[in-house]
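The values are calculated or read from the model by the stated rules, or taken from the named source; none is laboratory data. Note that the structure is predicted; figures quoted are calculated from it, not measured. Cβ placement follows ideal geometry from the backbone for every residue including glycine, while neighbour counts extend to all protein chains displayed.
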């Protein structure tokens, strides 16, 4: 699942970049989430696994739906109009760095030496990627898109911590249709309000793009990421997420011909090294038992469905 998720999400940055030539951004987002919802209903309804969620799962449904799915899809669609696909994937997948920083500032989980080194390396890499020699600060769309992608990584980090700390009553698979439905409503309303009447190029390519973005990169991928975050240890999940921007960089270079300058390469390298140090090396330490009985951030004891 980790390998497939890295491939699906990594290549998807290129797919969305191309899809924006066929769909307006809000309409694309609504169609993507809508087809993902139809896919999940078609899968779950025949096996009678489509039922009302427990009220206790409402916080995680709204958290994932609004912060990860709706906001993530919208930011991706708007940012990719101005930012290269490869760079975009790296900026969003700084998520593990922000997880470590939020756990430190909000939950007083003091980072160890490797985590501090990782944060310094990763944030230095982000600074290099957003400096005026790499992106043109005189182009508002490129600057706004770059900052929005970093914000997307921070939102994803918040949701990741919530996923790990939430006491789940339903499985990610059973809750997925409700997450997609909650995500779809505001996106669809925005698309109808702001893009009604804008043309869509319905061709074989656009149909294939939508089939990739909806059922595969949304229905499957968001369920898989939640299941991985819940059920696997931090080493496995961090390695899987770390592979995604690497796939995105390669796909952007091979398929779209995106060129990497020296600052890009140094910045990407520092971000990857920082994520590895902050996420992978500390995970090798034996887990310390909790003395308060409170859940340990990042710890899981449940399996995914």
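Quick notes
- Of the listed requirements (1) at pLDDT 85 or above; (2) surrounded by fewer than 16 Cβ atoms within 10 Å (Cβ to Cβ); (3) under 18 Å from residue 111 (Cβ atoms), residue 284 misses just one: (1).
- Residue within region 177-197 that is in contact with a helix residue (DSSP H, G or I) (Cβ under 8 Å, 6 or more places away or on another chain), assigned to a loop (DSSP other than H, G, I, E, B) and at pLDDT 95 or above present: yes
- Output for region 74-94, where each listed residue is within 14 Å of residue 154 (Cα to Cα) and modelled with pLDDT of 95 or more: 75, 76
- Of all the criteria given as (1) surrounded by fewer than 19 Cβ atoms within 10 Å (Cβ to Cβ); (2) in contact with a helix residue (DSSP H, G or I) (Cβ under 7 Å, 6 or more places away or on another chain); (3) within 22 Å of residue 158 (Cβ to Cβ), the one not satisfied by residue 106 is (2).
- Checked against the criterion of being surrounded by fewer than 18 Cβ atoms within 10 Å (Cβ to Cβ) and under 30 Å from residue 128 (Cα atoms), the candidates 68, 81 yield just one match: 81.
- Yes/no for residue 243 being surrounded by 14 or more Cβ atoms within 10 Å (Cβ to Cβ), modelled with pLDDT of 90 or more and part of a helix (DSSP H, G or I): no
- Residue satisfying all of: in region 124-134; in contact (Cβ under 8 Å) with a residue 40 or more places away in the chain and assigned to a loop (DSSP other than H, G, I, E, B); farthest from the chain's Cα centre (by Cα) among these: 133
- Residue that is modelled with the lowest pLDDT, among those in region 1-10 that are farther than 9 Å from residue 224 by Cβ and surrounded by fewer than 23 Cβ atoms within 10 Å (Cβ to Cβ): 3
- Residue within region 29-43 that is outside any helix (DSSP H, G or I) and under 17 Å from the mean Cα position of the chain (by Cα) present: no
- Extreme residue, nearest to residue 70 (Cα to Cα), among residues of region 198-213 that are touching a residue at least 40 places away in the same chain (Cβ under 8 Å) and in a helix (DSSP H, G or I): 213
- Any hit, region 50-61, residues being touching a helix residue (DSSP H, G or I) at 6+ places or on another chain (Cβ under 6 Å), under 16 Å from residue 173 (Cα atoms) and surrounded by fewer than 17 Cβ atoms within 10 Å (Cβ to Cβ): yes
- Those residues of region 16-48 which are within 18 Å of residue 82 (Cα to Cα) and surrounded by fewer than 20 Cβ atoms within 10 Å (Cβ to Cβ), in sequence order: 18, 20, 21, 22, 24
- Selected residue [more than 20 Å from the chain's Cα centre (by Cα), buried (at least 16 other Cβ atoms within 10 Å of the Cβ) and assigned to a helix (DSSP H, G or I)] from 121, 216: 121
- Candidates 149, 101 - the one that is under 23 Å from residue 7 (Cα atoms), in a helix (DSSP H, G or I) and out of contact with any strand residue (DSSP E or B) (no Cβ under 6 Å at 6 or more places or on another chain): 149
- Considering the conditions (1) more than 20 Å from the chain's Cα centre (by Cα); (2) at pLDDT 85 or above, residue 114 is excluded by exactly one of them, (2).
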